[in-house]
Amino acid sequence: METNTPEVKKTIFSGIQPSGSLTIGNYIGALRNFTLLQDDYNCIYCVVDMHAITVRQDPAQLRRRCLEVAATYIACGLDPKKNIIYCQSHVSGHAELAWILNCFTYMGELSRMTQYKDKCARHADNINAGLFDYPVLMAADILLYQADLVPIGADQKQHLELTRNIAQRFNSIYGDVFTVPEGYFGKVGSRIMSLQEPTRKMSKSDPDECYIAILDPEDAIRRKIKRAVTDSDGEIRYDPENKPGVSNLLSIIAAMSGQEIDSVVSDLQGQGYGALKNRCTEVVLDTLLPIQAEHARLMADKGYLQSILDENAQRANHLAQKTLRKIQKKVGFAARG
Ligand code: TYM
């Protein structure tokens, strides 16, 4: 007999730090996939302001950037009624679960994290305990909502692996309490490279010419792509190892246009790098200009943005408390009357 029970949707969680201008790396590696997945999953997208303070932030700027990232989520096409879009610091469960998970994470595991080592090198004057503990807070973010799937760029793979290890370790002691999450990586673009040093990841903390910010003005976008480093053999071919600059531009075009890399290459067959850069500029502008217009409209209505964040933090808090109570009971915290 057929039943009409609707299939229970799986849960997605992901987050972005409000610690600088978001780049097309963030868009292609994360945001774009968030929007593609929103119909098929229950999605929770967080502005991770607690992660951001592991490096020094200007308080007024951080507050503004939290709103900006929330506005970017919505401007990229995430529906705030369908998805839970909120700020991490508004749901205290993140910090509470992180503490518990700290007690199930080893110092050795955290010392092996490459992002920690990179950040220590870049912020040698401020190697704080939060920087070290950052991946445990990230594990708490994900496990708090029993997320099945985590859309992220390749640079977060190691942190997700640690999250899975912590969840499995906890489950092996207390029974199956945590869902062990899987990563979701786009077919292309899970590692967009710097325009000036295409063997390194595009990052918002590098000099301006290395990245395209989602909110960059049109003339800056044109200029940065024109000056992007390529190579001297003149052939348009996808070969990340030997032709990192050209391959990066091809990945950007493919990811933003939804075209396969092979078909981008064959469209440009026989043409030079000028044509490749023109095509890249066209695709980036076609994608970013509408997002920028919507972003400006949202930022002009801070009351609306604030109401979205408030409402969604309540929804997130409700879900978070459910997991937290269960975990607190498992580890033996005193019962509540
Ligand atoms: P963050 O804020 O550095 O970056 C946000 C997302 O963008 C992806 N990304 C890239 N993808 C492709 N190419 C690039 N050049 C590129 N640069 C960044 C990142 O992989 C990420 O998916 N720790 C996380 C934030 C976080 C989180 C979480 C993510 C905190 N808690 C829980 C997922 C689940 C971070 O610093 O991302």
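Where a number appears in this text, it was derived from the coordinates with a stated rule and is not lab data. Treat the numbers as computed from the prediction; the structure is a model and nothing was measured. Neighbour counts run over all protein chains shown; Cβ positions are idealised from the backbone, glycine included.
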Where the second residue is in a helix (DSSP H, G or I) and more than 6 Å from the ligand (Cβ to nearest atom) and the first is over 21 Å from I53 (Cα atoms) and in contact (Cβ under 8 Å) with a residue 12 or more places away in the chain and lies in segment 19-30, which pairs have Cβ atoms under 6 Å and are six or more apart or on separate chains? I28/A255
All-but-one check, I127 against (1) farther than 25 Å from F34 by Cβ; (2) in a helix (DSSP H, G or I); (3) of a type in the set (V, I, T), failing number (2)
Among the residues of segment 86-97, is there at least one that is among the polar types (S, T, N, Q), crowded, with 18+ Cβ neighbours inside 10 Å, in a loop (DSSP other than H, G, I, E, B) and within 11 Å of the ligand (Cβ to nearest atom)? no
Scan segment 134-154 for residues that are within 12 Å of the ligand (Cβ to nearest atom) and over 22 Å from Y27 (Cβ atoms) and jot them down. Y134, P135, V136, L137, A139, A140, L143, L144, Y145
Anything in segment 42-69 that is away from the ligand (no atom under 14 Å from the Cβ) and not hydrophobic (A, V, I, L, M, F, W, C)? List them, or say none. N42, R56, D58, P59, Q61, R63, R64
Would you pick out the residues in segment 160-173 that are more than 23 Å from K329 (Cα to Cα) and either surrounded by 24 or more Cβ atoms within 10 Å (Cβ to Cβ) or among the small types (G, A, S) (or both)? none
Considering only residues that are surrounded by fewer than 15 Cβ atoms within 10 Å (Cβ to Cβ) and assigned to a helix (DSSP H, G or I), which ones fall in segment 63-79? R63, R64
Whichever residue in segment 130-161 is in a helix (DSSP H, G or I) and of a type in the set (G, A, S) and, among such residues, is farthest from the chain's Cα centre (by Cα): G130
Kindly list the number of the only condition in (1) within 12 Å of the ligand (Cβ to nearest atom); (2) of a type outside the set (S, T, N, Q); (3) in a loop (DSSP other than H, G, I, E, B) that fails for G183. (3)
State which residue is farthest from the ligand (Cβ to nearest atom) when the search covers only segment 18-41 and only residues that are assigned to a loop (DSSP other than H, G, I, E, B) and surrounded by fewer than 24 Cβ atoms within 10 Å (Cβ to Cβ). D39
Restricting to segment 215-243, count the residues that are hydroxyl-bearing (S, T, Y) and loosely packed, with under 13 Cβ neighbours inside 10 Å. 1
State which residue pairs qualify: first residue farther than 15 Å from Y106 by Cβ and inside segment 128-139, second residue in a helix (DSSP H, G or I) in any location, beta carbons under 6 Å apart, and separation of 6 or more residues or different chains. L131/K119; L137/A98; M138/H159
